[in-house]
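Take a look at the structure set out below.
The values are calculated or read from the model by the stated rules, or taken from the named source; none is laboratory data. Since the structure is predicted, the reported quantities are computational estimates derived from the model, not experimental observations. Cβ: placed from backbone, ideal geometry, glycine included. Neighbour counts: every protein chain shown.
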Protein chains: 2
Amino acid sequence: MSVESRQSSAPARVDEVLARVREAGGRATTSRRILLERLFAEGSHKTAEELAHEVQRIAPDVHLSTIYRNLEELERLGVVTHAHLGHGPATYHLATETHGHLSCESCGATLEAPLGLFDGLAEAARAAFGFEIDPRHFAVLGHCAACRAREAGAEAD
Amino acid sequence: MSVESRQSSAPARVDEVLARVREAGGRATTSRRILLERLFAEGSHKTAEELAHEVQRIAPDVHLSTIYRNLEELERLGVVTHAHLGHGPATYHLATETHGHLSCESCGATLEAPLGLFDGLAEAARAAFGFEIDPRHFAVLGHCAACRAREAGAEAD
DNA sequence: GGGGTAATGGGAACTGTTCGCAACAACGTG
DNA sequence: CACGTTGTTGCGAACAGTTCCCATTACCCC
């Protein structure tokens, strides 16, 4: 029991995932371990580049493409998912955090919304088109409260 | 009153838009005119590259960057809007066609949905977060009826 | 029909991501 | 615990989509 027991549930789970990786014929490499530690650390919705920087603070030689490949692999194993929040790079987070995304076109702020919030649209789309929406992979865009207030104030001359 | 009176509002409007362009200090160039004709032609949700090809069938020298610049300009004038339908390039259409977008992650099919369809989510997001969704600029992704049927059939072993 | 300047063709640059490949390192085996 | 297999890595090139820069062109106002 070293310093490894951070308050959440971090390092223990890293090893679990690495075990899973090896079951699947993969290997427990250092870059993979560090990446996982960063993913288990608090603060979700990190881009590949942000993750790369975090990893590189510990292992400077880890290349961005390695990050991408590992994220892809972890996604295949169901450990990680990515979401597109509008323009800009995709963001990655643990697959355990299941939620839809609302993202502000003006400021880029992202809200994690319970899937239930989308039920109204889900039913309407299903009824009208047989279309099953998935608000997890691609965010629903719009304008957050703060930006709406600011924009409303600005144009109320 | 020539053949120009298509059932909707096509070529006549091209000149109207060009007039508007000139009011705004712009010029009525050939590439701009041809691009507008293509935009007024039926079949919406064209990518910049598709539009470029269509324009180039008439004026082969028009460069893709010219298409982008003109689309940007027309968007600034409120004539055109673009929508992001998931992965892949943005699609452009006349700003008069106001609708939300549902786009299938599996096959890429896009449904144009009346904005009313999104009311349920709009109200929920507003109530919960003060967030105002806009389903026009970014599509809501998911899975269309056909793909769902296919996928359900495939995994029912 | 000339001049000021918006717009163009062309290509380079840019972002985000994927790919190819030779060198490397994890780890099961002997 | 050296060894070989093979998954992984670092690195750069390639890619898609889009924007930017710049010298040249061509609108269109007078």
Handout entry: Which listed residue, of A:Leu141, A:Leu115, is over 18 Å from B:His99 (Cα atoms) and of a type in the set (A, V, I, L, M)
Key = A:Leu115
Completion exercise
Just one listed residue, out of A:Gly88, A:Gly43, is away from every other protein chain (no Cβ under 14 Å) and either assigned to a loop (DSSP other than H, G, I, E, B) or hydroxyl-bearing (Ser, Thr, Tyr) (or both), and it is A:Gly43
Exercise for the section: Kindly indicate whether any position in segment B:145-156 is buried (at least 21 other Cβ atoms within 10 Å of the Cβ) and either more than 9 Å from chain A (Cβ to nearest Cβ) or farther than 16 Å from A:Pro135 by Cα (or both). Expected result: no
Completion exercise
Sole miss for A:Gly100 among (1) surrounded by 16 or more Cβ atoms within 10 Å (Cβ to Cβ); (2) farther than 25 Å from B:Ala90 by Cβ is condition (2)
Handout entry: Residues located in segment A:119-138, provided they are touching a strand residue (DSSP E or B) at 6+ places or on another chain (Cβ under 8 Å), at the interface with chain B (Cβ under 7 Å from one of its Cβ atoms), part of a helix (DSSP H, G or I) and of a type in the set (A, V, I, L, M)
Key = A:Leu121, A:Ala125, A:Ala128
Exercise for the section: Taking the residues in segment B:42-86 that are modelled with pLDDT under 95 and surrounded by 14 or more Cβ atoms within 10 Å (Cβ to Cβ) as candidates, determine which candidate is nearest to B:His137 (Cα to Cα). Expected result: B:His45
Completion exercise
Among residues of segment A:52-64 being in a helix (DSSP H, G or I) and within 10 Å of DNA strand C (Cβ to nearest atom), the residue nearest to the other protein chains (Cβ to nearest Cβ) is A:Leu64
